[in-house]
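To keep things clear, I will list the structure first and then write my remarks on it.
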């Protein structure tokens, strides 16, 4: 399982539906500044997938993945000035 930012847009990525979106506030995309951000459980879309959570920018395709929802969302919201 990869962990961390993946700034390359993948045309084959299944985008989440509205029912799977989180209610937690997510910061704009650190790559493009886009605000169309989704957070979803990858295993909802890929039955062969191990547990993995994905935060995804629908504007540029940037994403952050982690095995845990809170860690993925915290990682997405982390900025250099926060370190």
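Quick rundown of the values:
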| quantity | calculated |
| --- | --- |
| Sites residue 44 and residue 82, calculated FRET efficiency, Cβ-Cβ separation with R0 35 Å, nearest 0.05 | 0.75 |
| Size of segment 22-82 as Cα extents on the principal axes (Å, biggest first) | 35, 23, 19 |
| Over segment 22-82, relative contact order from alpha-carbon pairs under 8 Å, at least 6 apart, % | 28 |
| Inter-label distance, nm, simple model (7 Å from Cα along the C-beta direction), residue 36/residue 71 | 3.0 |
| Residue order, fewest to most beta carbons within 10 Å, for 65, 27, 81 | 81, 27, 65 |
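Here, each number is a calculation from the coordinates, and none is a lab measurement. Bear in mind that the values here come from a model prediction, so they are computed numbers and not experimental data. As a convention, Cβ positions derive from the backbone with ideal geometry for all residues, glycine included, and neighbour counts pool all protein chains shown.
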